[in-house]
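Data first, discussion second: the structure below is written as structure tokens.
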Amino acid sequence: MKKWAVAIAAVLLLFSGCSKEKVKEPEKKEEKAAKQVVKKQETQYTFPLTGMAAVKEPEQRAIAVMINNHPKARPQSGLSKADVVYEILAEGDITRFLAVFQSEKPANIGPVRSARDYYIKLAKGLNALYIAHGYSPEAKKMLNNNYVDNLNGMVYDGTLFKRSTARKAPHNSYITYENILKGAKLKKYSMKKTTPGFQFLSDEEMKNLSGKAANSVAINYSTGGISNSSFVYDAALGKYKRFFSGGQQTVDLETNNPVLVDNIFIIEAVHSFIDSYGRRDIDLTSGGKGYLLQKGKVNEVNWENHDGLIVPLKDGQEVRMVPGKTWVNVVPTQPGLQKSVSFK
């Protein structure tokens, strides 16, 4: 009898132990709610210039880099990772890019070129750290007066800025993202600043986009064609591919990744010559007419400068962007949009 009693007790103990392992206490409501909140927080943030999801609230400061667009500077480095690129005439019939980075950080950027006052004002409006190598007389005054936080290759050539041996000056100045951060630390610039942003379309709104068919667009800056460009819509990708004059696709020098764009925003602004070099004063504050291309369609819009950010408007309301990357082309009011831009 004693043996049977001991055996029964052992079985009961084993059963009790297994039960404790298998039976879990129900999750408290507070714990469940907290987990749901965390899950929502992981997806509720977006980058202000792209509308793309961010893991946490974007606090990193935007960086705006002057990039050379002379034929001898092509292909460039870093353009495929820019949130927004502004393409504007710099001197003569040559455009220059202001590439704005926030959501992505390219390893190498360039060739970096000299500053112009209207590019500086765009960078200031975005609360961006401005990167250039050289300056026009007007730009030099602004930079010397600390109008915008900046790093310039005239000061840091050979240190923060490096020269490529594969190209000749002035088409061979480059800066890495790592050196930009080093320069910001050296000059005690804050790299946490808010960036103004566009308004963006929802998935449903993108499905119902209206407008005239525009599978390609050509932008002409001069009869010489040195800075002319085109974009072609790739329906499979849902994005536009960019091409230089002559049909050369715009790709990254190091990675060969193509520049793919979701919004093409073309605006006309008043240009006036200020010197014999062909430098200009360009009015990017007064507003005017424009075109907005999205998902293979184009709409006529107006543009306004909202506290430093140039945005499209229709019937007085801001037009929403497709989430992704934006390319802004600025053309002179003379000859104007209709003569500078053509669609197919």
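Could you give the accessible area per residue of region 146-255, probe 1.4 Å, as a whole number in Å²?
Result: 56 Å² per residue.
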Q.
Relative contact order of the chain, please, whole-number percent, based on alpha carbon pairs below 8 angstrom and at least 6 residues apart.
A. 18 percent
(Q) Under 5 Å between amide hydrogens, which residues at least 5 positions from K239 or on another chain qualify, with H placed 1.01 Å from N in the peptide plane? (A) D234
Q | Relative contact order (percent, whole number), region 76-180, Cα cutoff 8 Å, 6+ residue spacing | A | 25 percent
**Q.** Taking region 64-119 and dividing mean pair separation by its residue count, relative contact order in percent (alpha carbons under 8 Å, at least six apart)
**A.** 47 percent
Q. What angle do you read, to the nearest 10 degrees and between 0 and 90, between the alpha-carbon axis of helix 177-186 and the longest principal axis of the chain?
A. 90 degrees
Q) Hey, if you drop one equal point scatterer on each alpha-carbon of region 79-119 and run the Debye formula without solvent, what base-10 log of I(q)/I(0) do you get at q = 0.27, 0.29, 0.32 Å⁻¹? A) -1.02, -1.10, -1.21
Q. Any idea how far apart N256 and R74 come out in nm if each label point goes 7 Å out from Cα toward Cβ?
A. 1.9 nm
**Q.** Formal net charge of residues neighbouring G211 (Cβ-Cβ distance under 11 Å; K, R +1; D, E -1)
**A.** +3
Q | Ratio of the Cα radius of gyration of region 74-179 to 2.2 N^0.38 Å, where N counts its residues | A | 1.00
**Q.** Span per principal axis, largest first, for the Cα atoms of region 158-309 (Å)
**A.** 50, 41, 37
Q: Measure off, as a whole percent, the carbon and sulfur share of the 1.4 Å-probe accessible area of region 213-286, all protein chains present.
A: 51 percent
**Q.** Scattering profile of region 194-254 at q = 0.16, 0.30 Å⁻¹ [log10 I(q)/I(0), Debye over alpha-carbon scatterers]
**A.** -0.76, -1.21
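Quick one: net charge around V232, please, counting Lys, Arg +1 and Asp, Glu -1 for every other residue with C-beta under 12 Å from its C-beta.
+3
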Q. Which value in nm describes the separation of the simple spin-label points at T285 and Q249, placed 7 Å from the Cα toward the beta carbon?
A. 4.2 nm
Q: Taking every Cα atom in region 241-305, find the radius of gyration and the maximum pairwise distance Dmax, and write them in Å.
A: 15.7, 41
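The values are calculated or read from the model by the stated rules, or taken from the named source; none is laboratory data. Just so it is clear, the model here is predicted, and its values are computed rather than measured. Neighbour counts run over all protein chains shown; Cβ positions are idealised from the backbone, glycine included. Accessible surface is based on the protein model in full, side chains and every heavy atom, while ligands, DNA and RNA are left aside. Shrake-Rupley method; radii C 1.70, N 1.55, O 1.52, S 1.80 Å.
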